[in-house]
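Asks: Pasting in a structure now, in structure tokens, and then I'll have a few things to ask.
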Amino acid sequence: MGATRASVDARLVEWRAAGLGRRLWAKDPTVWFEEPVAEIADRLGWLDLPGAMAGQIEGIERFADQVCAEGTRHVVLLGMGGSSLAPEVFAAALGGGAHYPELIVLDSTHPKAVADVERRIEIARTLFLVSSKSGTTLETLSLFRTFWRRAGGAGSGPGRRFAAITDAGSPLADLAAGRGFRNTFLAPADVGGRYSALSVFGLVPAALAGMDIRRLLAGAQAMAEACGPEVAETENPALVLGAALAELARSGRDKLTFLTSPALNALPAWIEQLVAESIGKDGVGIVPVAGEAPGDAEVYGDDRFFVSFTLAGDGPGAGDGPGAGDGPGEAEEPLLSALIAAGHPVVRIELSDVTGLAQEMFRWQLAVAAAAAALGVHPFDQPDVEIAKELARQAMAPAAKGAKMPEADPAASIGIDIGSGDPEALMQALSAWTGGARPGDYVALQAYLAPTEETTKALTDIRLALRDRLALAVTLGFGPRFLHSTGQLHKGGPDNGLFLQLVDEPDDDIAIPETNYGFAALIGAQALGDLGALEQRGRRVLRVDLGTDTASGLAALAKALGQI
């Protein structure tokens, strides 16, 4: 650890000599590249958000109060990636209060996930937030069309039940105006999606869930001041973190692993996108490991770097979903001590209350932007995301015309159908796939499945079994959500991932209004597009079709993994 600490200190000294903190605040694009590069100078507006958003607080609060006063029981946010992850953090940390609606984030195109949300809500007492920076996000628009049709018979007109969050002039802004949405909240154009948590993309859902957004912004402003242009780089909490991220990654500790207390379980999933999409490109990458339940210190390799988030008064426990994990409360203190004793770097961060989430969001945004500069990558683009989208569009083309979608090419990809009843073939495929693991690799479970509690539990068990058997970090993402998060790292980062794509065959499809296809075709095309993109990059990928009975398929997969 001495050598790594020395390199972190050296990096901070180098940054101080270069005036990095001052140049960041001056929005100097040469922090990253000497020559002009697209999406640098026009993507630094997030630095101003803690102060700039103050003028919008009153309007957001007024809107939230009106929605609550109407007896609204649910707010359903329809969004992906940067539009959905921060709201999910706020919803998980606080949830609905005595008179606030429950905030539900829908970022899945699996027909079962859509149906499950529809069953949970009463349309006439639900507000739908349609959230997309570009206003063209296919998943978001598909979900919007579905619930717009459902809301057509609920009250005096569906527009009253919808609000938009988007950029000015986007197709979504035009759609909202044309269909009579009750409100449209406009975000600054110079803030990218994963840096937008402290804009209307995060603050409007937070206010609707009952969070004090004034205190949120106050916390972010306090962190901004602590990281201000006059603060020495060696004393700047964000730049110290950024230097550690970069230098630990350069030393081989590129598996950034989070431990959280229960109320903060969703925070690592937000950081996961920020880190993976900002740094995972050009063959460079830091692998965020969010939601992995703690194990004994000996199951972790020497490629790990741990960050422990605790909330004062928040006891140990477990949350649900791919961003959840057992919390590092008093029960986990022995683990943290054991990790340190084993030589693993550990950073401890404690929040006094949930409004401290905003200060951490600002700190991590600045830290990741600085780490990208040290690693020589562009922190604000996502060049490898589009390939999967294009291949998905190609796969969707027949479905859009009413024809059958193509199947995965068995000559181009190893694929196993659990429904074929050939357990030996499954074990052989799994054995060949796991046999390709190398030291320093990670495993990515890519689940194009409905994120139910039962499925998440089964996947978590498989995840831990793979971790303990292979002694590798294992990540878990539900598709297509992760395509807007870790998908960039999977295709653009280093070739150190083993990818297990899991698909099923939905029993009941849901037609998407204003199109010729349904959600089963959409998620199927997204899985095929992602598979093709991974294959084009020469990644080690195995696709497993779980069939129509997802639970039985996962049980068969777990059994086969235990026998190889």
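The values are calculated or read from the model by the stated rules, or taken from the named source; none is laboratory data. In this text, all values refer to a predicted model and were calculated from it rather than measured experimentally. Every residue, glycine as well, gets a Cβ built from its backbone with ideal geometry; the counts of neighbours run over all protein chains shown.
Asks: Exactly one of these conditions fails for residue 12: (1) buried (at least 17 other Cβ atoms within 10 Å of the Cβ); (2) within 25 Å of the chain's Cα centre (by Cα). Give me its number.
Replies: With (1) buried (at least 17 other Cβ atoms within 10 Å of the Cβ); (2) within 25 Å of the chain's Cα centre (by Cα) applied to residue 12, the lone miss is (2).
Asks: For residue 508, state whether it is touching a residue at least 24 places away in the same chain (Cβ under 8 Å), among the charged types (D, E, K, R) and in contact with a Gly (Cβ under 7 Å, 6 or more places away or on another chain).
Replies: No, not satisfied.
Asks: Continuing with the same structure: So which of 207, 197, 176 ends up being surrounded by 24 or more Cβ atoms within 10 Å (Cβ to Cβ), in contact (Cβ under 8 Å) with a residue 12 or more places away in the chain and out of contact with any helix residue (DSSP H, G or I) (no Cβ under 8 Å at 6 or more places or on another chain)?
Replies: 176
Asks: Answer with yes or no whether residue 495 is touching a Pro at 6+ places or on another chain (Cβ under 7 Å) and within 25 Å of residue 389 (Cα to Cα).
Replies: For residue 495, the condition - touching a Pro at 6+ places or on another chain (Cβ under 7 Å) and within 25 Å of residue 389 (Cα to Cα) - is not met.
Asks: Could you list all residues from segment 215-259 that are farther than 17 Å from residue 6 by Cα, acidic (Asp, Glu) and surrounded by 23 or more Cβ atoms within 10 Å (Cβ to Cβ)?
Replies: 254
Asks: Continuing with the same structure: Could you please find all residues in segment 31-55 being surrounded by 18 or more Cβ atoms within 10 Å (Cβ to Cβ) and assigned to a helix (DSSP H, G or I)?
Replies: 31, 43, 45, 46, 47, 49, 50, 53
Asks: In segment 383-398, what residues are within 18 Å of the chain's Cα centre (by Cα), surrounded by fewer than 24 Cβ atoms within 10 Å (Cβ to Cβ) and touching a residue at least 12 places away in the same chain (Cβ under 8 Å)?
Replies: 383, 384, 385, 389
Asks: Continuing with this model, one more query. For a quick check of your reading: which strands (runs of 3 or more DSSP E) sit entirely within segment 153-260 and have at least 1 residues that are in contact with a strand residue (DSSP E or B) (Cβ under 7 Å, 6 or more places away or on another chain) and modelled with pLDDT under 95?
Replies: Here the list reads 255-260.
Asks: Still on this structure, I have one more. For segment 315-351, which residues satisfy the criterion of being surrounded by fewer than 14 Cβ atoms within 10 Å (Cβ to Cβ) and modelled with pLDDT under 90?
Replies: Selection gives 315, 318, 330, 331, 333, 334.
Asks: Let me ask another. When residues of segment 511-539 are filtered for being surrounded by fewer than 20 Cβ atoms within 10 Å (Cβ to Cβ) and either touching a residue at least 60 places away in the same chain (Cβ under 8 Å) or in a loop (DSSP other than H, G, I, E, B) (or both), how many remain?
Replies: 9
Asks: So, of the residues in segment 433-468 that are over 21 Å from the mean Cα position of the chain (by Cα) and free of Cβ contacts under 8 Å to residues at least 60 places away in the same chain, which turns out to be farthest from residue 286 (Cα to Cα)?
Replies: Here the answer is 435.
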